[in-house]
1. Note down the magnitude of the dipole of the chain about its Cα centre, charges +1 on Lys and Arg C-beta and -1 on Asp and Glu C-beta and zero elsewhere, to the nearest 20 debye.
2. So which lysines can K145 reach, going by Cα to Cα under 30 Å and dropping same-chain residues fewer than 8 places off?
3. Counting Lys and Arg as +1 and Asp and Glu as -1, what is the net charge of the other residues whose Cβ lies under 14 Å from the Cβ of E105?
4. Would you list S157, S28 from fewest to most Cβ contacts within 10 Å?
5. For each of I159, I123, I50, count neighbouring Cβ atoms within 10 Å of the residue's Cβ, then give the residues from fewest to most.
6. Once both labels are modelled 7 Å past Cα along the beta-carbon direction, what's the E111-L175 spacing in nm?
7. Please list, ordered by chain and number, the residues whose modelled amide H lies under 5 Å from the amide H of T108; skip anything fewer than 5 residues away on the same chain.
8. Using only Cα atoms and rounding to the nearest 10 degrees, what angle (0 to 90) does helix 10-19 make with the longest principal axis of the chain?
Amino acid sequence: MPNDVPAKTVQELVAYARANPGKLSFASAGVGTTQHLAGELFKAMAHIDIQHVPYRGAAPMITDLLGGRITMSFIAIAPAIPLVREGKLRALAVTSAKRFGAAPELPTMIEAGYPDFESILSIGLMAPAGTRPAIIEKIHQDSVKALATPEIRKRLSDIGMEVIGNSPKEFAAALKAEAPLWAKVIKDAGIAPSN
């Protein structure tokens, strides 16, 4: 968040938002993005009135965040950390279930008082329904092998990604487990597909 917003913790931000209903804004890289859904989840859990401002991508969103034209955003940690370290933005928390290794001083939203708050971007490989199991297994094994290399792990870690490399069944189960939460957030926020 920009430095002119007086909140230094999530709790202070919530108090500030409650004292200024409808006056604060949160940006996302577009309707339905991870940032948008995280913001809507935060609004619901904190019972605050903040306005969503969708952008067409992360670059203009970060530009307006730096310029103070928007109050806050749930942005990816990789581009945020240098801006925070340079004093251009203030980070309040991470949205993962555990602290981020490159910025261990940042609490999680869970630690900030929202025990069910977890919003992470999951990236996985998908194949068309009906793809032969042998092909899926080959792609999985090759992917796990690539993800195990120190160079790939370091490059992914440097941009804020944690390598999991779980099985196709485990990945499908994780997606299925998350679906009800995000379906409720989407329904409650009235988010509809845009043209």
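Derivation of every value follows stated rules applied to the coordinates shown; laboratory data play no part. Since the structure is predicted, the reported quantities are computational estimates derived from the model, not experimental observations. Glycine gets a Cβ as well: all are built from the backbone with ideal geometry, and neighbour counts include every protein chain shown.
1. 220 debye
2. K98, K154, K169, K176
3. Details: positive: K8, R85, R90, K98, R99; negative: E111.
Here the charged neighbours net out to +4.
4. Final ranking by Cβ density, sparse to dense: S157, S28.
5. On the way: I159 12, I123 8, I50 22.
Ranking I159, I123, I50 by Cβ neighbours within 10 Å, fewest first, gives I123, I159, I50.
6. The two pseudo-label positions are separated by 3.2 nm.
7. Hits under the 5 Å cutoff: V94.
8. Around 50 degrees separate the two axes.
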